[in-house]
Amino acid sequence: NSLRLDWDQVCPPPLEGEEVYIAGNPPFLGKAKQDKNQKADRDFVFTGKIKTFKALDFVAGWTFKAGNYIRGRRAKAALVSTNSLCQGASVPLLWPTVLGDDIEIFFAHRSFKWRNSAAKNAAVICAITGLQNVSTAPKRLFDGELETSVPHINAYLIGHEDVWIKGKGKSSWGLPHMAFGCMPYDAGELILSPEERATFVSSHPRSEKFLRRLMGSQEVVKGVERHCLWISDVELVEALQIPPVADRIERTRIARLKMKDKAGKALAERPHQFREHIAPTHHAILIPSVTSERRPYLPVAMVGADVIASNLNQVLYDAPEWCVALIASRLHLVWIATVCGKLKSDFRYSNTLGWNTFPVPKFSDDQLAQLSVSARRILKTRYQHYPKTIADLYDPDKMPNDLRQAHRDNDDLLETMYIGRPFRNDTERLEK
């Protein structure tokens, strides 16, 4: 077991002129797919060395041991791993202990899809990192067919100095609070299709006051329509007088009591509500938690107080319009793509890791007003193409010219507030 063994015992330091090669095939397993023996191996490697390591992929153990093996020796290591090691929360957890002041990444290949010839083999999104003792020689960075020479490669596989982006409980830059949407935790009993909603209202008109539009990521991006029961504590007695509403509430109570986790069972005490019962006063800005990497901008929507956001969105409740201009910018997409984790190759948006760490300058009131106007222009341009959805409008091959121009103007406006002019490219955006 290569995670349990001391590699020096198997491959002692080579004598002058000798070369030693270590080859292996470690499993690519996320934390949810590791069995108890693999978790025990992981714990053996990291306990006492990294404070929080249980979120790391199993393959992280080999990267950690390879760094220790070559430290102080005329040696190099290179590993193919899941690309999760070089993004999101894994970077500040793992890499400061691997690299330190004496080990560096001397070449890297950014994310690529890899599958072998095995039957029913699922493609894995991988990255390659080469480790060596620190040298002054240029480093090689590969991205598809492109190779660049850079003085340093950091753990995000960017040609830049080492930076560790850690999640924050609130914005470091004074941005409005972003929260998860409301998790139903209801086995589907509090959620209604358009047809079910119509049946409720036609047979029991009083039920309409307890129905709201529900929007998760698919509703934001693809225009899917769903609704939900939304009942405050003071309205519960009235709601229970409506038979189909009372039936849904009782079915939710029973479903929660049957749940294995304690949180679900506890929610059986208030079966008329989602886990969170939060609605905007005026409006809400919704950002899907997972979105395709093909889109040139992150999806974002502004909805009214009659809409409930599910936990598949991050939400800014009653936040200023200029927040839309930030989220819908190229600058923000590049940031999220770099510091947040991914689900396969899709962007996975994080409030703590992506929004709360996103650096912004000190905007003047006039600048915020300009950004609000820009946000409204983007939203208005979208509306002019109704009923096309965000999925339709942001297909990179089919994006309408007027919407593309609205985004370009928004980028130019925002980026000029950072450095006095638009950035030349994504590399310059990240360097700033």
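Only one of (1) open to solvent by less than 70 Å² (accessible area, probe 1.4 Å); (2) closer than 25 Å to ASN83 by Cβ; (3) within 28 Å of the chain's Cα centre (by Cα) fails for TRP7. Which number is that?
Tallying (1) open to solvent by less than 70 Å² (accessible area, probe 1.4 Å); (2) closer than 25 Å to ASN83 by Cβ; (3) within 28 Å of the chain's Cα centre (by Cα), TRP7 fails exactly one: (3).
What is the residue count in segment 227-258 for residues that are surrounded by fewer than 16 Cβ atoms within 10 Å (Cβ to Cβ), under 20 Å from SER310 (Cα atoms) and among the charged types (D, E, K, R)?
1
Could you tell me how many of the residues in segment 309-334 are assigned to a helix (DSSP H, G or I) and either surrounded by fewer than 18 Cβ atoms within 10 Å (Cβ to Cβ) or out of contact with any Pro (no Cβ under 8 Å at 6 or more places or on another chain) (or both)?
Here is the first cut: in segment 309-334, the ones assigned to a helix (DSSP H, G or I) are 322-327, 330-334.
Narrowing the set further to residues that are either surrounded by fewer than 18 Cβ atoms within 10 Å (Cβ to Cβ) or out of contact with any Pro (no Cβ under 8 Å at 6 or more places or on another chain) (or both) leaves 322, 324-327, 331-332, 334.
Of the residues in segment 309-334, 8 are assigned to a helix (DSSP H, G or I) and either surrounded by fewer than 18 Cβ atoms within 10 Å (Cβ to Cβ) or out of contact with any Pro (no Cβ under 8 Å at 6 or more places or on another chain) (or both).
Inside segment 169-220, can you point out the residues that are of a type in the set (Val, Ile, Thr), part of a helix (DSSP H, G or I) and surrounded by fewer than 21 Cβ atoms within 10 Å (Cβ to Cβ)? Can you show your working first?
Start the filter on segment 169-220 by keeping residues that are of a type in the set (Val, Ile, Thr), which leaves 191, 199, 201, 220.
When the remaining residues are screened for being part of a helix (DSSP H, G or I), the result is 199, 201, 220.
THR199, VAL201, listed by residue number.
I'd like to verify a number: residues in segment 259-275 that are surrounded by 13 or more Cβ atoms within 10 Å (Cβ to Cβ) and either closer than 18 Å to SER350 by Cα or under 26 Å from the mean Cα position of the chain (by Cα) (or both), how many?
3
Report every pair of residues separated by at least 6 positions or lying on different chains whose Cβ atoms are under 9 Å apart, first residue within segment 17-37 and among the acidic types (Asp, Glu), second surrounded by 10 or more Cβ atoms within 10 Å (Cβ to Cβ) and modelled with pLDDT under 85.
ASP35/LEU29
With respect to ILE278, determine if the residue is open to solvent by 10 Å² or more (accessible area, probe 1.4 Å) and either touching a helix residue (DSSP H, G or I) at 6+ places or on another chain (Cβ under 7 Å) or modelled with pLDDT of 95 or more (or both).
Yes; evaluated as a whole, the condition is true for this residue.
How many of the residues in segment 376-403 are under 26 Å from the mean Cα position of the chain (by Cα) and free of Cβ contacts under 8 Å to residues at least 60 places away in the same chain? Let's see the steps before the verdict.
So in segment 376-403, the residues under 26 Å from the mean Cα position of the chain (by Cα) come out as 376, 378-379, 382, 388-399, 403.
Within this subset, residues satisfying the condition of being free of Cβ contacts under 8 Å to residues at least 60 places away in the same chain are 376, 378, 382, 388, 392-393, 397-398, 403.
The qualifying residues number 9.
Would you check which residues across segment 404-425 are in contact with a Lys or Arg (Cβ under 8 Å, 6 or more places away or on another chain) and open to solvent by less than 50 Å² (accessible area, probe 1.4 Å) and list them? Full working, then the answer.
Our first condition is that a residue be in contact with a Lys or Arg (Cβ under 8 Å, 6 or more places away or on another chain); within segment 404-425, this holds for 406-407, 409-411, 415, 418-419, 423.
Once the filter is applied, which keeps residues that are in contact with a Lys or Arg (Cβ under 8 Å, 6 or more places away or on another chain) and open to solvent by less than 50 Å² (accessible area, probe 1.4 Å), segment 404-425 yields ALA406, HIS407, ASN410, ASP411, GLU415, TYR418, PHE423.
Tally the residues that are among the polar types (S, T, N, Q) and in a loop (DSSP other than H, G, I, E, B), restricting the search to segment 356-391.
The total comes to 5.
Within segment 14-28, is there a residue that is more than 21 Å from VAL80 (Cβ to Cβ), surrounded by 10 or more Cβ atoms within 10 Å (Cβ to Cβ) and of a type outside the set (Lys, Arg)?
Taking every residue of segment 14-28 in turn, at least one turns out to be more than 21 Å from VAL80 (Cβ to Cβ), surrounded by 10 or more Cβ atoms within 10 Å (Cβ to Cβ) and of a type outside the set (Lys, Arg).
Can you name the condition, by its number, that LEU353 falls short on among (1) surrounded by 20 or more Cβ atoms within 10 Å (Cβ to Cβ); (2) in a helix (DSSP H, G or I); (3) in contact with a Leu (Cβ under 8 Å, 6 or more places away or on another chain)?
If we test LEU353 against (1) surrounded by 20 or more Cβ atoms within 10 Å (Cβ to Cβ); (2) in a helix (DSSP H, G or I); (3) in contact with a Leu (Cβ under 8 Å, 6 or more places away or on another chain), just (3) comes out false.
Of everything in segment 148-167, what is over 13 Å from PRO96 (Cα atoms), at pLDDT 95 or above and either among the aliphatic types (A, V, I, L, M) or in a loop (DSSP other than H, G, I, E, B) (or both)? Give them in sequence order.
VAL150, PRO151, HIS152, ILE153 - these are the residues of segment 148-167 that are over 13 Å from PRO96 (Cα atoms), at pLDDT 95 or above and either among the aliphatic types (A, V, I, L, M) or in a loop (DSSP other than H, G, I, E, B) (or both).
If MET183 satisfies all but one of (1) under 20 Å from the mean Cα position of the chain (by Cα); (2) within 30 Å of ALA78 (Cβ to Cβ), what's the number of the condition it fails?
(2)
Looking only at segment 61-73, decide whether some residue is out of contact with any His (no Cβ under 6 Å at 6 or more places or on another chain), open to solvent by less than 50 Å² (accessible area, probe 1.4 Å) and of a type in the set (Lys, Arg). Before you say what the answer is, go through the steps one by one.
Step one: list which residues in segment 61-73 are out of contact with any His (no Cβ under 6 Å at 6 or more places or on another chain), which gives 61-73.
Subsequent filtering for residues that are open to solvent by less than 50 Å² (accessible area, probe 1.4 Å) retains 61-67, 69-70.
Remaining after also requiring of a type in the set (Lys, Arg): 65.
Looking through segment 61-73, at least one residue is out of contact with any His (no Cβ under 6 Å at 6 or more places or on another chain), open to solvent by less than 50 Å² (accessible area, probe 1.4 Å) and of a type in the set (Lys, Arg).
Is there any pair linking a residue in segment 217-233 that is under 28 Å from GLU269 (Cα atoms) and of a type in the set (Val, Ile, Thr) to one that is open to solvent by less than 20 Å² (accessible area, probe 1.4 Å) and not in a helix (DSSP H, G or I), with Cβ under 6 Å and at least six apart or on different chains, and which?
Listed pairs, sorted by first residue: ILE231/HIS272.
Cβ-Cβ distance below 6 Å, separation of 6 or more or different chains: which pairs start in segment 361-375 with a residue that is under 11 Å from CYS323 (Cβ atoms) and end on one that is among the acidic types (Asp, Glu)?
Partner pairs satisfying both residue conditions: SER372/GLU321; ALA375/GLU321.
Look through segment 132-168, keep the residues that are among the charged types (D, E, K, R) and farther than 30 Å from ILE285 by Cα, and return whichever of them is least open to solvent (accessible area, probe 1.4 Å).
It comes out as LYS139.
State whether the residues of segment 90-104 include one that is open to solvent by 20 Å² or more (accessible area, probe 1.4 Å) and of a type in the set (Gly, Ala, Ser).
Yes, segment 90-104 contains at least one residue that is open to solvent by 20 Å² or more (accessible area, probe 1.4 Å) and of a type in the set (Gly, Ala, Ser).
The values are calculated or read from the model by the stated rules, or taken from the named source; none is laboratory data. Computed from a predicted model, the values in this text were never measured in an experiment. Every residue, glycine as well, gets a Cβ built from its backbone with ideal geometry; the counts of neighbours run over all protein chains shown. All accessible areas refer to the heavy atoms of the entire protein, side chains included, with ligands and DNA or RNA removed. Shrake-Rupley method; radii C 1.70, N 1.55, O 1.52, S 1.80 Å.
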